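Engineer: One structure follows; several queries about it will come next.
What follows draws every value from the coordinates through simple rules; no lab data is involved. Just so it is clear, the structure is predicted and the values come from calculations on it, not from any experiment. Note that we place each Cβ from the backbone using ideal geometry, even for glycine, and neighbour counts take in every protein chain shown.
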Amino acid sequence: MKSSFICLYHLENALLSILEIKQTNLPIEASKSDVYKWLCYNKSSGEVTQLIFNSSDSSEDIQERYFEQGYLKFNQQSGTFIEKFNSAQHQLNNLIKTDISNPLLAAVEDFLFLPKI
């Protein structure tokens with residue numbers, strides 16, 4: 001089965017994965033906020049949550065993303081996700097050139113097709 005999204009950014013460590021996806025199965029008139037999503041995958045629980053995007057900044061070497069849930073700063077090799085109120089910091093590896101693992105792929109697909117309440 002063909003995936004309903006492509007991965008634009010993929011950062012992870014032993015506990016979580018953070019990725020930006022572009023959904024490929026939506027109508028052309030869909031809003032950017034529906035097409036592009038930042039997701040956080042908790043590896044121990046298997047839960048996927050959406051990071052609510054607020055803004056971004058970038059330079060030649062560094063990308064920054066600001067979410068309601070925290071702040072992500074990354075480059076071509078690594079990144080750091082700082083949860084809101086500095087409740088936790090996660091050092092991440094940038095896996096931009098690697099395939100998504102089957103458990104993560106399945107969890108994202110399930111998340112995208114679950115009815116939203």
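Engineer: Could you please let me know if Gly46 is over 13 Å from the mean Cα position of the chain (by Cα) and closer than 19 Å to Ile21 by Cβ?
Structural biologist: So Gly46 fits the description; yes.
Engineer: Looking at the structure I just gave you, is Glu47 surrounded by fewer than 19 Cβ atoms within 10 Å (Cβ to Cβ) and closer than 19 Å to Phe85 by Cα?
Structural biologist: no
Engineer: Considering each of Leu8, Leu15 in turn, give the residue that is hydrophobic (A, V, I, L, M, F, W, C) and more than 15 Å from Leu105 (Cα to Cα).
Structural biologist: Selected residue: Leu15, the only one of Leu8, Leu15 that is hydrophobic (A, V, I, L, M, F, W, C) and more than 15 Å from Leu105 (Cα to Cα).
Residues are listed down the side, and each one gets a yes or a no for (1) free of Cβ contacts under 8 Å to residues at least 60 places away in the same chain; (2) over 18 Å from Lys97 (Cα atoms); (3) of a type in the set (Lys, Arg); (4) surrounded by 15 or more Cβ atoms within 10 Å (Cβ to Cβ):
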position: Ser3; (1), (2), (3), (4): no, no, no, yes
position: Ile18; (1), (2), (3), (4): no, no, no, yes
position: Lys22; (1), (2), (3), (4): yes, no, yes, no
position: Asn25; (1), (2), (3), (4): yes, yes, no, no
position: Ala30; (1), (2), (3), (4): yes, yes, no, no
position: Val35; (1), (2), (3), (4): yes, yes, no, yes
position: Tyr41; (1), (2), (3), (4): no, yes, no, yes
